[in-house]
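Values in this text are rule-based calculations from the coordinates and carry no lab data. Bear in mind that the values here come from a model prediction, so they are computed numbers and not experimental data. Cβ atoms come from the backbone with ideal geometry, glycine included; neighbour counts cover every protein chain shown.
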2 protein chains.
Amino acid sequence: MKTIKVHLGDRSYPIYTEKNLLMKIPSILSKKNIGQKWVIISQYRLMELFGFELMSLLKENEFNIDFITLPMGETAKSLNEYSRVISQMIELGCDRSSIILALGGGVVGDVSGFVATSFMRGIKYYQVPTTLLAMVDSSIGGKTGINTSEGKNLIGSIYQPQGVLVDPAILNFLSREEVNAGLGEVIKYGAIRDSKFFNDISEWLDDIESFPFEKAIYRACEIKAEIVSLDEQECGMRRLLNFGHTIGHALEANLGYGKIRHGEAVSLGMKCAGWISEQLNFISKTENQFLAQTIDKLTLPSTSKIDFDSILSYVRKDKKVRNGVLHFIVLDALGKGNVCDKVSYDLIKQSLKILL
Amino acid sequence: MKTIKVHLGDRSYPIYTEKNLLMKIPSILSKKNIGQKWVIISQYRLMELFGFELMSLLKENEFNIDFITLPMGETAKSLNEYSRVISQMIELGCDRSSIILALGGGVVGDVSGFVATSFMRGIKYYQVPTTLLAMVDSSIGGKTGINTSEGKNLIGSIYQPQGVLVDPAILNFLSREEVNAGLGEVIKYGAIRDSKFFNDISEWLDDIESFPFEKAIYRACEIKAEIVSLDEQECGMRRLLNFGHTIGHALEANLGYGKIRHGEAVSLGMKCAGWISEQLNFISKTENQFLAQTIDKLTLPSTSKIDFDSILSYVRKDKKVRNGVLHFIVLDALGKGNVCDKVSYDLIKQSLKILL
């Protein structure tokens, strides 16, 4: 079992990665089991795929465990669903000693994390990511989030889990499209932090059937852990992880949540951000072409119906706007992200043309 | 201006106390004003009493400031009101750099704190307490809370403010009953931590017209700051601050929020907890009598209509229950609180008889 550590003082925690790790969870967590209530927060489909089996195993090992399901998709990230989960936790007899296992993708992780941060002023939780995107990104770093009608993740916290348990074998249960979506975030790590990794990914994508997921996940987790360790509160380097996300989030909002996957939207956002970086002479035309060609190796959804003005209005409401200034993530080179305060809304609007 | 420091590493902050401090807030905060949006969260009555004047002063000093009001009473601590405040923050153009001034009592502080902890994953806030209870207790230590239909503060976090600005002159605006309610919490500090302070308070209460509020507030803030500094997460000593609260919260829930003030309920809860401490031979009959007589110097509401079973059911759902074990706060002596795991629900039920 490989271990990567997120270094955050008394909030430090390990990321464990190994094929078929899921079934080892009872032994990994046995030392933490002192009779308290455990709750798996997941989706029914995932419970059927592996959640019920995991729960049986935990029960056999004397865990007092129940489960709560969330609906599929972004609708789960509402205050209504959040409130329902809190009520169910009370009904199940949860208290301050209870521990949550967030078994799912980004949505489950975001909601579970916000439940953990706010239930009786904070309880412990573990992330057990079941999508590629969650494995390499959302499960690490403690970001939690709930959407409001005004936008995505406008409610949330930074609240670190006790550990992240990554089982790459879970990817075998996912559709090609789901895995593809997550590859966008893997490309992101190469683009902002590791040109060698970027080159590797680009090459690996030429033969996606043989894509070395374990290797890619491990390196992506390493980069994420390093960045979070250096900047938990997203004041500096952690902002680089938003590469592709300003436009990505706005695309999701414009097309409607559920119409495009988060990872897909981020991939398209990275293409725009690459184009913007080229316009500002931060990277060369060749570099931007290499970025765009690599992203295009993923099969991405059509964006012919996007509404530029609507997207711009979402960009203006982005959390990365501080004091009215948009902090946009650009590339200074392939493998080197940077924050730029000089990207105009007009340039962002122009960049959307490359998606048509 | 007197300053007490809450020592919490990079989350440390000052408590400033001084008569008429309210009008000095612009100068105290001027260094923090770098053009971001400020928002006062308060109640309309408080805005009329001193909020609008404070806002004018801040505007004169080039603060970009708006306000949001909450309804009076415990109804403000709902997810609905919380959600409305978040929406208004977005409408006002708030972003991650925005800062909240929580101008009010415990309810305003609890909701504002939870807004601050969760708006765009956390923004800064200051507590400006306007009740005695908030000045000596709820504004210090970062506890935030929202109620659900299942109980009080079941949603919340521990999220420290940037500072607490205490103006004892505000007490002149309050009714005698409101001030009395807060005195219960002042007695608590003496009972759990400082027998000399307890004796002083008991004496001062004999001539309430001359009660030295500034002195009492300062000492209470000192004790609270010390305890929070030693145990931010309420794993140890901070639990002592719950003296009187297990039964107090249950009384509030049974009688209906708004029918009894929090401080009043805590005073009654302390009488029960004192009686329990005597039954368990932790304190003498004389000590318990001294505690009860001191509490009785406050004018407390009638509790002839309380329902013992309903109160017990609330006690069982208390946040201080961990792993099914209730951690009850008793006195080992007047001036020395302690946590006790051996207080039976039956003994709690018996203790309620002294309230009839």
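Per-structure values
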{"item": "Distance between the stretch A:169-206 and the stretch B:165-213 - C-alpha centres, whole angstrom", "result": "63"}
{"item": "Cβ-based exposure ranking for A:Thr130, A:Thr17, in which fewest neighbours within 10 Å come first", "result": "A:Thr17, A:Thr130"}
{"item": "7 Å along Cα→Cβ, label-point gaps from B:Glu203 to other copies, nm, shortest first", "result": "8.4"}
{"item": "Aspartates and glutamates with Cα under 13 Å of A:Lys32, excluding same-chain neighbours fewer than 8 positions away", "result": "A:Glu62"}
{"item": "Exam field: B:Cys235 pseudo-label spacings to other copies (7 Å along Cα-Cβ), nanometres", "result": "2.5"}
{"item": "Label point distance in nm, A:Leu280-A:Ile354, each placed 7 Å from Cα along Cα→Cβ", "result": "1.3"}
{"item": "Built amide H within the under 5 Å cut-off of A:Asp194, gap 5+", "result": "A:Gly335"}
{"item": "Quarter of Cα convex hull surface for the stretch A:203-356, i.e. mean projection, nm²", "result": "9.4"}
{"item": "Spin-label model distance (nm) - B:Leu230 vs B:Glu60, 7 Å beyond Cα toward Cβ", "result": "4.4"}
{"item": "Residue of chain A whose Cβ sits closest to the axis mapping A onto B, with distance in whole Å", "result": "A:Leu79, 3"}
{"item": "For chain B, built as a Gaussian network whose Cα springs stay under 10 Å, the top-fluctuating residue of B:Glu226, B:Glu278, B:Glu62", "result": "B:Glu62"}
{"item": "Calculated label separations, B:Arg11, copies of the chain, 7 Å along the beta-carbon direction, nm", "result": "0.8"}
{"item": "The stretch B:226-260: trypsin sites (Lys or Arg not before Pro) falling in loop per DSSP and having at most 14 other Cβ within 10 Å", "result": "B:Lys259"}
{"item": "Most mobile listed residue (B:Gly244, B:Gly51, B:Gly106) in chain B, GNM with C-alpha springs under 10 Å", "result": "B:Gly51"}
{"item": "Candidate lysines for bridging to A:Lys31, where Cα separation is under 16 Å - those fewer than 8 sequence places away on the same chain excluded", "result": "A:Lys59, A:Lys124"}
{"item": "Neighbour-count order for A:Ile217, B:Ile306, B:Ile146, fewest beta carbons within 10 angstrom listed first", "result": "B:Ile306, A:Ile217, B:Ile146"}
{"item": "Descending principal axes extents, chain A, alpha-carbon based, whole Å", "result": "60, 41, 38"}
{"item": "Inter-site label distance for A:Lys24 and B:Lys31 at 7 Å from Cα along Cβ, in nm", "result": "5.1"}
{"item": "The protein assembly as shown - convex hull of alpha carbons, volume per residue in Å³", "result": "142"}
{"item": "Average partner coverage of A:88-100, which counts Cβ from other chains inside 10 Å", "result": "3"}
{"item": "Exposure proxy order (Cβ contacts within 10 Å, fewest to most) of A:Asp206, B:Asp10", "result": "B:Asp10, A:Asp206"}
{"item": "Among B:Val325, B:Val228, B:Val339: highest mean-square fluctuation, GNM of chain B, C-alpha pairs under 10 Å", "result": "B:Val325"}
{"item": "Nonlocal Lys pairs with alpha-carbon distance under 30 Å, the stretch B:232-338 (8 or more apart, or different chains)", "result": "28"}
{"item": "Partner chain coverage, peptide B:142-149 - average Cβ within 10 angstrom", "result": "2"}
